[in-house]
2 protein chains.
Amino acid sequence: MSSRVNQKERTRRAIVAATRELIRTGGEVTMPAVAKSALVSEATAYRYFPDLASLLREALAGLWPSPEAALAPVAGSDDPAERVACATQALLRHVLTYQSGVRAMIAATITRPGEAAARPGHRFGLIDHALRPLAADTAVLAQLKRDLAVVISAEALFTLTDLCGLSPEDAIASAVHTARTLTQAATGENRLAAARV
Amino acid sequence: MSSRVNQKERTRRAIVAATRELIRTGGEVTMPAVAKSALVSEATAYRYFPDLASLLREALAGLWPSPEAALAPVAGSDDPAERVACATQALLRHVLTYQSGVRAMIAATITRPGEAAARPGHRFGLIDHALRPLAADTAVLAQLKRDLAVVISAEALFTLTDLCGLSPEDAIASAVHTARTLTQAATGENRLAAARV
DNA sequence: CTCTTCGTGAGAGTTGACTCTCATCAACTT
DNA sequence: AAGTTGATGAGAGTCAACTCTCACGAAGAG
């Protein structure tokens, strides 16, 4: 009785694996391409994933590191600014690496705000984890998280590269700076810094 | 000899006008819809605009106010933070009003980074104008502009509404706060504020 | 008042995102 | 072994973004 269950699981994994492969190689991530690569009919692919967005969601989820892993370099630090800088860099580097998949995801969801739940939102876990050692006023913390949600994002990266014309490295550096500035402003660290001067 | 020229101009304007109408009414902005509404064949629409993005670009351009007009409320102010806050609110409100067109524009360009030149980039003129009275270090100013380009954007607005689940008003308020914080951090005003305390 | 030019429309064709139906075949059941 | 269930494939169909070709018809030129 488990044969069919296993078969389904194998099919599902094959589809996801094919999607990841396409994303990794930077190829076009389309249902026909995924189905062909997974040796499955397009109809079957749609049976497992109602639309491209949900497929991309699952495929990308597996390519993303956990907040813990991403913040490992600053595991020993309690400085929110440092942790946020690290988080920003980690997220944007991953976005850059899996750009084609992320862009396809945005394209598939931007015109359907209602179904935006299909977006993974990795940034939130990362931001929460980065700000963990921060003991700030609830309202201040909530606002900071929103500030950072805008900056620590694929959208921010693509704004910097596509519209501002920055190189990927410069774009990441810029976003890291922005995120750090916001964090310092919210935690009052820059006031202390100024006081020292 | 000008009849045909006039005819072409009239056709072009009809197409753009139809597009704006669709955007204003929040309807789906697609080539078939635009063509039908403009009483023109789809083929003709494509003759005037090679793709949806270029049509949207021109249609949206005419719906946007000039930086001067948008910043009229703070024309008398030299406070960068105030001016930036006003600019943010102005841009995001317009994005909100013409949301369907802007979303279609993003969808049409996000997967083609190279042709991102098709994006209008209204934010840049607005940011420059808002920071005009600011006499800061060149590098600091350049970084601030990049910081703001990420925040004063349709992408930021949609991140806040679609992913963070904020209402349009709350999203704008949050972005305004973020933009203000960044501006104050760059101009050192928050240090002065802290010094007063 | 022809003859040419050219703006347009009509329509076919391609590709991707989906949706739906129908036939097949292997697997689980009795 | 025979029947039923369920996973899959094949293929048609819709809609939008484009691309291309062909033919019509009106404006401008001689």
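Taken together, the values in this text are just the output of simple stated rules run on the coordinates, not laboratory data. Everything numeric here is computed off the predicted structure, so don't read it as measured data. Please note: Cβ atoms are built from the backbone with ideal geometry, for glycine as well, and neighbour counts cover all protein chains shown.
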Problem set entry | Relative contact order (%) - criterion: Cα under 8 Å, at least six apart; region: segment B:71-197 | 37 percent
Problem set entry | Residue (of B:113, B:86, B:136) at the positive-pole extreme of segment B:56-156, dipole from beta-carbon charges | B:113
Seminar exercise, completed: Rh (Kirkwood, all Cα-Cα pairs) for segment A:1-142, Å, reads 16.8 Å
Exercise. Can you list the HN-Hα couplings for segment A:133-149, worked out from phi with the Karplus curve (6.51, -1.76, 1.60; θ = phi - 60°), rounded to whole Hz and with x for Gly and Pro?
Worked result: x, 8, 10, 10, 4, 4, 5, 4, 5, 4, 5, 4, 5, 5, 3, 6, 4
Exercise. In nm, to one decimal, how far is the residue A:39 label point from the residue A:66 one, both placed 7 Å along Cα→Cβ?
Worked result: 3.3 nm
Problem set entry | For chain B, built as a Gaussian network whose Cα springs stay under 10 Å, the top-fluctuating residue of B:32, B:120, B:80 | B:32
For this session: Sort B:31, B:105 so that the residue with the fewest other Cβ atoms within 10 Å of its own Cβ comes first and the one with the most comes last.
Result: B:31, B:105
For this session: Using only Cα atoms, locate the centre of segment B:65-89 and the centre of segment A:143-188, then give the distance between them in Å, rounded to an integer.
Result: 23 Å
Problem set entry | Neighbourhood charge, 11 Å Cβ-Cβ cut-off, centred on residue B:67 and excluding it, Lys, Arg +1 and Asp, Glu -1 | +1
For this session: Pull up the cross-link candidates among the lysines for residue B:36, meaning alpha carbon to alpha carbon under 23 Å and not fewer than 8 places away within one chain.
Result: B:8
For this session: Show which lysines lie in cross-link reach of residue B:145 when reach means a straight Cα distance below 22 angstrom and same-chain residues fewer than eight apart are skipped.
Result: A:145
Seminar exercise, completed: Here the correct list, in nm and shortest first, of distances from residue B:62 to the same site in the other copies, label points 7 Å along Cα→Cβ, is 4.9
Problem set entry | C-alpha long axis of helix A:3-24 to longest principal axis of chain A, angle in ° | 50 degrees
Exercise. Under a plain spin-label model, where a point goes 7 Å from the Cα along Cα-to-Cβ, how far apart in nm are residue A:79 and residue B:30?
Worked result: 5.4 nm
For this session: Go ahead and set up a Gaussian network model of chain A, Cα springs under 10 Å, then flag whichever of A:75, A:18, A:173 fluctuates most.
Result: A:75
Exercise. Nearest 10 degrees, 0 to 90: what angle lies between the long axis of helix B:52-61 and the longest principal axis of chain B (Cα atoms)?
Worked result: 60 degrees
Seminar exercise, completed: Scoring only Lys, Arg, Asp and Glu (+1, +1, -1, -1) among other residues with Cβ under 11 Å from the Cβ of residue B:158 yields -1
For this session: Using a 10 angstrom cutoff on alpha carbons, build the Gaussian network for chain A and name the most mobile of A:143, A:184, A:99.
Result: A:143
For this session: Give the angle, between 0 and 90 degrees and rounded to the nearest 10, that separates the Cα long axis of helix B:80-97 from the longest principal axis of the Cα atoms of chain B.
Result: 30 degrees
Exercise. What dipole magnitude, in Debye to the nearest 20, does segment B:1-108 give about its Cα centre under +1 on Lys/Arg Cβ and -1 on Asp/Glu Cβ?
Worked result: 580 debye
Problem set entry | Teacher prompt: residue B:24 distances to equivalent labels in other copies, 7 Å Cα→Cβ, nm | 5.2
